[in-house]
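The values are calculated or read from the model by the stated rules, or taken from the named source; none is laboratory data. Fair warning: this is a prediction, and the values are worked out from it, not measured in the lab. Cβ placement follows ideal geometry from the backbone for every residue including glycine, while neighbour counts extend to all protein chains displayed. Just the protein is used for accessible areas: all its heavy atoms, side chains included, with ligands, DNA and RNA removed. Shrake-Rupley method; radii C 1.70, N 1.55, O 1.52, S 1.80 Å.
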Amino acid sequence: MNTPMKTYWKKRLEQCRKSLEGNNFGACIADNRTDAKRIVIEDILPEIKAKSAAWGDSMTLRATAVLDEIRCNTDMDLIETFDPNISREESIERRRKALLVDFFLTGSNAVTETGQLVNLDMIGNRVGGITFGPKHGVIFVGRNKIVSDIETAKRRIKAYAAPVNAIQHPGFKTPCMKTAFCTDCKSPDRICNTWAITEKSFPAGRITVVLINEGLGL
């Protein structure tokens, strides 16, 4: 039975999907995080026949548990860029190698109703993997990340997503960790360093956006 809420999100997600496709992205709608994992494992991976993969950190990506499935695939070489048992130097080196894989997975800070991805990174490995390097990319986006336009996306990221992201890293020392407000700081631990606005996928279809009909991530 369709409730007003279900109808609302069905319409918004469908419009966003059409806009993304109009900008040369692959795009699909998943009913929930489990369905998003199924789409990648059963539909996308068999088509692209990737042999190597890596990922940029994303709460939404983690929520789908798709990485657990990929780790079990003995035919896939997965670069573990966030292995807690390696040094910071090795982690950075793996993130550099991650730009040369067949398949890159991550999330997006926001997606506009007109079909653009908007992201803000500390190091740049996540936006780097989105914009260039890996042959194929899948971006997981919860419905809460859909915004009207680029300026609204940037405001949302700076006012909400970035401060919460900083707060969840207790080792960082940024003003927003104490105040929950962005002050455009000069902290060495500043996580807001590199913007990337992806208006169109190039080549066409290189990036697939999986829109998830759940509120996920920041």
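Is it the case that some residue within the stretch 104-111 is out of contact with any strand residue (DSSP E or B) (no Cβ under 7 Å at 6 or more places or on another chain) and either at pLDDT 95 or above or not acidic (Asp, Glu) (or both)? No, there is no match, as no residue in the stretch 104-111 is out of contact with any strand residue (DSSP E or B) (no Cβ under 7 Å at 6 or more places or on another chain) and either at pLDDT 95 or above or not acidic (Asp, Glu) (or both). Looking across the stretch 192-218, the residues that are open to solvent by 70 Å² or more (accessible area, probe 1.4 Å) and within 21 Å of THR174 (Cβ to Cβ) come down to ASN193, TRP195. ASN85 meets the conditions (1) assigned to a loop (DSSP other than H, G, I, E, B); (2) under 21 Å from ALA36 (Cα atoms) in every case but one. The failed one is (2). The residue list ALA159, ALA166 contains one member that is farther than 30 Å from ALA50 by Cα and surrounded by 17 or more Cβ atoms within 10 Å (Cβ to Cβ), which is ALA166. For the stretch 28-55, a tally of residues being out of contact with any Gly (no Cβ under 8 Å at 6 or more places or on another chain), of a type in the set (A, V, I, L, M) and not in a helix (DSSP H, G or I) returns 4. Screening the candidates THR131, THR179 for the property of being among the β-branched types (Val, Ile, Thr), open to solvent by 50 Å² or more (accessible area, probe 1.4 Å) and free of Cβ contacts under 8 Å to residues at least 24 places away in the same chain yields one hit, THR179.
The helices (runs of 4 or more DSSP H) found wholly in the stretch 135-218 and carrying at least 3 residues that are in contact with a helix residue (DSSP H, G or I) (Cβ under 8 Å, 6 or more places away or on another chain) and not β-branched (Val, Ile, Thr) occupy 162-167. If you go through the stretch 83-107 and keep only what is open to solvent by 40 Å² or more (accessible area, probe 1.4 Å) and of a type in the set (Gly, Ala, Ser), you end up with just SER87. So, in the stretch 22-80, of the ones that are open to solvent by 70 Å² or more (accessible area, probe 1.4 Å) and more than 27 Å from GLY115 (Cα to Cα), which residue ends up modelled with the lowest pLDDT? Only one residue tops the list, namely THR74. Screening LEU117, LEU67, LEU99 for residues that are of a type outside the set (Lys, Arg) and within 13 Å of the chain's Cα centre (by Cα) leaves exactly one candidate, LEU117.
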